[in-house]
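This report concerns only the one structure given below.
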Amino acid sequence: MIDQRPSVVDEKTRIGDFELDTIIGKGHKSAVVTIVDRKSKLLLAKPVKKRTAVLVSDAIIQ
């Protein structure tokens, strides 16, 4: 998927191009969802108690 994004995203010249990732907790149960703006480096982080698709997607939407 990364190879399909527009090349302008790699230039880091626009606000609003985000990278999302998850940091998995001990025992692979909990996680932290991270969203970083590529230009401003603004970091948003939201912990999730269980690593389910519903909880992770809810954290991204919030």
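A short reminder: the numbers here are calculations on the coordinates, not readings from a lab. Keep in mind that what you see is a predicted model, and the values were worked out from it rather than measured. Quick reminder, even Gly has a Cβ in these numbers, built from the backbone with ideal geometry, and neighbours come from all protein chains shown.
Side notes on the structure shown:
- Placed amide H near residue 48: partners under 5 Å, 5+ positions off or other chain: 31, 32, 33
- Computed [θ] at 222 nm, deg cm²/dmol, the chain (DSSP H ≥ 4; -39,500 (n - 2.57); rounded to nearest 500): -5000 deg cm²/dmol
- Net charge, residue 58 excluded, C-beta distance under 15 Å - Lys, Arg +1, Asp, Glu -1: +4
- Divided by 2.2 N^0.38 Å, where N counts the residues, the Cα radius of gyration of the chain comes to 1.26.
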